[in-house]
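**Student:** Have a look at this one before I ask anything.
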Amino acid sequence: MSRACAGGHRSIPTSSASTPALSRSRRLGRWEHIRRQRRATTTTRAFLKKRTGVERDDETSEKRSLFASGSKRSEIRIPGFVAYVDVREASTERGTRAIDNALHAGATMIVLQERGMNGGVGESASGRALYESATALKDLVRGRAKVLIQDRTDIAVQAELDGVVLTDDGVPTVVARKTLSPKAVVAHVSDDAVEAEKASKEGADVLLVSSLRTLSELREKVSVPIFVDVQGGVSTLLGEDSSTLNGLTINGANGVTICDIVSDEMCADEARVKLAVSAVVDALTQNAVNGDSVERASVDGAENVTVRPEKISLVGSKGEELIERERELSEGILTFLQDNCQDLDEIKLLVEARKSIEDLFLLVIVGEFNAGKSSVINAFLGDKFVAEGILPTTNEITVLRYGERKAREQSEDGFFTYKIPAEILRQVRIVDTPGTNVILQRQQKLTEEFVPRADLILFVLSADRPMTESEVKFLTYIRKWGKKVVFVVNKTDLLEEANDVRDVSQFVKDNAERLLGVNDPAVLPVSARKALKAKKANANYVGTREFVDSGFGQFEDYVMSYLGGSGERAGEALRLKLLTPLNVCTLLLDAAEQILETEDDEAKSEVAIAIGVKTQMDDYTKEMVADSKAQQEATRSIVQAAIKRAERIVDDTLRLSNALSLFNTYILGTGSSGVASQYEKLVLGDSEERLGAACEEFSAWLDRNNEAQLQAYIDAVKGRGFDASLSSVDNEKEERAKSLSVVSNFDHTAAAQLLDKSIGKAVETTIGSAGGAFVASFFLSGFFNSFSEDVLVYALGLAGAYIAVLSLPLKRSEIKSKIRRSAAAFLTELEETMENECTTQVGSTTQKISTICAPWAAAARAEAARVAECLEARRELKKSLEKMMIDVANL
Ligand SMILES: Nc1nc2c(ncn2[C@@H]2O[C@H](COP(=O)(O)OP(=O)(O)OP(=O)(O)O)[C@@H](O)[C@H]2O)c(=O)[nH]1
Ligand SMILES: [Mg+2]
């Protein structure tokens, strides 16, 4: 019965065709929603990263930050190597090989530049070409180094590059800084030290210079990394002449630049590039460790250091035990945070704070620009060690500490250390910071980032503008870190009346009380200018009028009382010192709580969703079974139509008007053939083909829905970073279209014969009997003589025939119900088979889905358990921390 399969697929025009699609999208909706939601969270990335080892590409959201101005400055890996590549060569075979080699050698940044057709300024590439080249380069680099573009901030934004390199002709650094995301790298390339320094002040993260001379000019002025262009590229670095490497080392370079890696023949050889870069990295790393080149030109004024040295010991025997406890506790907290909150940038603060537990007391001077911070430090130390100026002057964090000879060095974190032979610096480190409320964000950030390290903060205000809005804001930020703040109202010489000094001091005190929530904060009015003048004028300055007027004596006494004095502030320095890491711990643990709470919510919701898969599968099964009924309707109506046709044949055939032909066909066997010959044409028609097509469509419908359902879960599970490949489940195709075989197995010959036989039998018992009665009366009439007797006999014969013919409708309905019975049996078999097919295949799909979801569900449960454990561990750490803080307070 191959005809049944010959027809093409038809879609079934019933609601059942659209229902699965609708319900499918409804089912998918929840998963899509969850995926979108998860993409938006940082903690999810951490969760997925942990599970899969890969970071998702949706890194656009800013990490949370404890710093007031948001995220920290961008970080550049140093010592490093910057490789330039021309836009026209980046995608060539030679270009990609050179880039690959540079990456394998450990390039920090790859810079796309446009050098024109002949290596100089020439025909410029179109925006599209630049964009395409930039995205292709990004794909090639795959996060192994930062990808930057020269002077095209617009392309950097559009192609989502890591940053931009600005030339002196490019947009000002401050403009690029504002255009790009805070995490973007803004580099500046120039050989003009003044321009480079300006760029650094405006927020450049890295400077690229082309000579050692510019490097040495800049090194003492800027804290950002400086890369130097190596003339001759790899050959120079591998050459016998070590003067370039020495020059880089001595002048404190942070890396080298190779201006055109494609033209540099040596860059085609991976081994050579690696060798050259490792020579640079080794030399510069060695330098950083040994500090060989850090001592540079002395600064004038060492002779006049006039501080009053006092022997101060911060750590008595009492403190030893607390320090030990603090070290242990902070190590526990650090490990906890590193293990569970990797996304928290500020963990580094704790690392720093732990390092300085036993270092000298750290006095940090902060305040708005021009308030006189540097002047206060100079007056304290007795000479102009740090620069003062009417414009924003201090651009870098400078830690002043004791040194036999004056020397400036740069520490790993980019801050400067300035060694001065001032005795007081044997007891305390003093930090000069860039002023706040400056137009350049970088300076503000530098100071903000340093605040958490401070043991004591000297907040310097200018007497002629005490407590500006920005000072209030900055104080609020400082309070967050739990810092002890001493207010220094400087420039009191600008106030004419003594009352004014008192009023200003009171004003500062009132506001400080309100803002910091402390009673009676220390407010010390001074004139740094007068104090320094007095100190410089007379070695015995203490009793001089100018020094007394400056108020600096009280200020110095106050500071000294912290540093180990025996009065009311005895032990205060140790207390503050111990509190510094503890305050950092408190903030980090609070931030960790927020992160973990979010993770907890997400983990719980994941578990709930994972559990919900079972319900979703049950719902899906129910919906599919219900929808399959509608599909079966189509087959039912085809069969019904065939039944009707068969019944019509019965009606049309078994009629008295057909008596003669029926008599001939079925009784005498001499007439035309019976209904069997017309079965195909009149009963079957195209119903077999239509049934076959309906069964195939049903099967395809099942496949479509099951595959879509399975795919939706595969996507959802994959989207969560788990293996959802079908190889992990039994993907054997089920035996399809069993219903089709029911249709094709139906024996139409037997059906045709049965119908024919039934009609024949009916003819026999009706027309045959009637004919018999009539013939019998004809013969009987020959035995009777009278006409009346003949009439009687004929009448009797006719009555017999009439009675036989009367049963014709009865016979018709008997046949029809026989047809209906056998059709019903067929339909039942067909529908049962379809239902079976549906439940088997849906069951197999849901089974596959459960198998695919199982690892994710298990991971979700494990994650929920991990987060719950973390929250508990955090609570315990917080308890120990609080106890430690009480012990420190009672020291
Ligand atoms: N009249 C007067 N002027 C002072 C006093 N102290 C500092 N100045 C002046 O105030 C200006 C700023 O002083 P700096 O010490 O550079 O101020 P700063 O707070 O370090 O400024 P930035 O480094 O820009 O943040 C300079 O011109 C100083 O001479 C003072 O006691 N009296
Ligand atoms: Mg300053």
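The values are calculated or read from the model by the stated rules, or taken from the named source; none is laboratory data. Note that the structure is a prediction, hence the values are computed from the model and not measured. Reconstructed Cβ throughout: ideal geometry from the backbone, glycine too, with neighbour counts over all protein chains shown. Note: areas computed on protein heavy atoms with side chains; ligands, DNA, RNA excluded. Shrake-Rupley method; radii C 1.70, N 1.55, O 1.52, S 1.80 Å.
**Student:** Which pairs have Cβ atoms under 6 Å, sit 6 or more apart or on different chains, and link a residue in the stretch 475-498 that is under 19 Å from D464 (Cβ atoms) to one that is assigned to a helix (DSSP H, G or I) and among the hydroxyl-bearing types (S, T, Y)?
**Tutor:** These pairs meet every condition: V489/S505.
**Student:** Which residues, taken from the stretch 264-287, are among the basic types (K, R) and more than 34 Å from the chain's Cα centre (by Cα)?
**Tutor:** Result: R272, single match.
**Student:** While we're on this one: Within the stretch 386-410, work out how many residues are within 7 Å of ligand 1 (Cβ to nearest atom) and of a type in the set (S, T, Y).
**Tutor:** Residues that pass the stated criteria total 2.
**Student:** Right, something else. Go through the stretch 370-385 and give me each residue that's more than 10 Å from ligand 1 (Cβ to nearest atom) and closer than 18 Å to A407 by Cβ.
**Tutor:** Hits for the stretch 370-385 are L381, D383, F385.
**Student:** Further question: Just checking: which of the strands (runs of 3 or more DSSP E) contained wholly in the stretch 83-184 hold 1 or more residues that are more than 21 Å from V230 (Cβ to Cβ)?
**Tutor:** 146-150, 163-166
**Student:** Which ones in the stretch 185-224 are open to solvent by less than 10 Å² (accessible area, probe 1.4 Å), hydrophobic (A, V, I, L, M, F, W, C) and over 19 Å from P392 (Cα atoms)?
**Tutor:** V185, V186, A187, V206, L207, L208, V209, L215
**Student:** Right, next: So which residues in the stretch 323-348 are charged (D, E, K, R) and not in a helix (DSSP H, G or I), if there are any at all?
**Tutor:** Those that are charged (D, E, K, R) and not in a helix (DSSP H, G or I): D343, D345, E346.
**Student:** Of everything in the stretch 125-157, what is modelled with pLDDT of 90 or more, polar (S, T, N, Q) and over 27 Å from the mean Cα position of the chain (by Cα)? Give them in sequence order.
**Tutor:** Q150 - this is the single residue of the stretch 125-157 that is modelled with pLDDT of 90 or more, polar (S, T, N, Q) and over 27 Å from the mean Cα position of the chain (by Cα).
**Student:** Here's a follow-up. Which numbered condition trips up E160, out of (1) at pLDDT 90 or above; (2) in contact with a strand residue (DSSP E or B) (Cβ under 6 Å, 6 or more places away or on another chain)?
**Tutor:** Unmet for E160, out of (1) at pLDDT 90 or above; (2) in contact with a strand residue (DSSP E or B) (Cβ under 6 Å, 6 or more places away or on another chain): (2).
**Student:** Among the residues of the stretch 396-421, which ones are touching a Pro at 6+ places or on another chain (Cβ under 9 Å) and open to solvent by less than 20 Å² (accessible area, probe 1.4 Å)?
**Tutor:** Of everything in the stretch 396-421, those that are touching a Pro at 6+ places or on another chain (Cβ under 9 Å) and open to solvent by less than 20 Å² (accessible area, probe 1.4 Å) turn out to be E396, I397, G403, K406, G414.
**Student:** How do the pairs read when you match residues in the stretch 368-379 that are of a type in the set (G, A, S) with residues anywhere that are open to solvent by 10 Å² or more (accessible area, probe 1.4 Å) and within 8 Å of ligand 2 (Cβ to nearest atom), using Cβ under 6 Å and keeping only pairs 6 or more apart or on different chains?
**Tutor:** These pairs meet every condition: S374/V386; S374/E388; S374/T394; S375/E388.
**Student:** Further question on the same structure: Output the number of residues of the stretch 837-879 satisfying the condition of being within 21 Å of A603 (Cα to Cα), surrounded by 20 or more Cβ atoms within 10 Å (Cβ to Cβ) and not small (G, A, S).
**Tutor:** 8
Listed here are the residues, each with its yes/no results for (1) within 30 Å of D464 (Cβ to Cβ); (2) at pLDDT below 90.
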site	(1), (2)
R327	no, no
G332	no, no
L344	no, yes
L362	yes, no
G367	yes, no
G372	yes, no
F380	yes, no
E396	yes, yes
R401	no, no
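**Student:** Give all pairs with beta carbons closer than 6 Å in which a residue from the stretch 425-437 that is closer than 12 Å to F450 by Cα meets a residue that is within 11 Å of ligand 2 (Cβ to nearest atom) and of a type in the set (G, A, S); count only pairs at least 6 apart in sequence or on separate chains.
**Tutor:** Short answer, once both residue conditions are applied: D432/S374.
**Student:** Pick out the one residue from A297, A268, A283 that is at pLDDT below 85 and not assigned by TED's automatic domain parsing to the domain that holds T108.
**Tutor:** A297
**Student:** Where in the stretch 349-424 are there strands (runs of 3 or more DSSP E), lying wholly inside it, with at least 2 residues that are among the aliphatic types (A, V, I, L, M) and either in the same structural domain as Y541 (by TED's automatic domain parsing) or more than 16 Å from ligand 2 (Cβ to nearest atom) (or both)?
**Tutor:** Here the list reads 361-367, 398-402.
**Student:** Moving on to the next point. Restricting attention to the stretch 435-469, which residues are within 12 Å of ligand 1 (Cβ to nearest atom), assigned to a loop (DSSP other than H, G, I, E, B) and at pLDDT 90 or above?
**Tutor:** Once the filter is applied, which keeps residues that are within 12 Å of ligand 1 (Cβ to nearest atom), assigned to a loop (DSSP other than H, G, I, E, B) and at pLDDT 90 or above, the stretch 435-469 yields A463, D464, R465.
**Student:** Another one. State whether one or more residues within the stretch 486-500 are more than 16 Å from ligand 2 (Cβ to nearest atom) and more than 28 Å from R545 (Cα to Cα).
**Tutor:** no
**Student:** I'd like the residue in the stretch 425-441 that is farther than 25 Å from Y562 by Cα and away from ligand 2 (no atom under 15 Å from the Cβ) and, out of all such residues, is most open to solvent (accessible area, probe 1.4 Å).
**Tutor:** Among those residues, the one meeting the criterion is I439.
**Student:** Among Q554, Q594, Q640, which is the only one that is touching a Leu at 6+ places or on another chain (Cβ under 8 Å), farther than 30 Å from S844 by Cα and of a type outside the set (V, I, T)?
**Tutor:** The conditions single out Q554.
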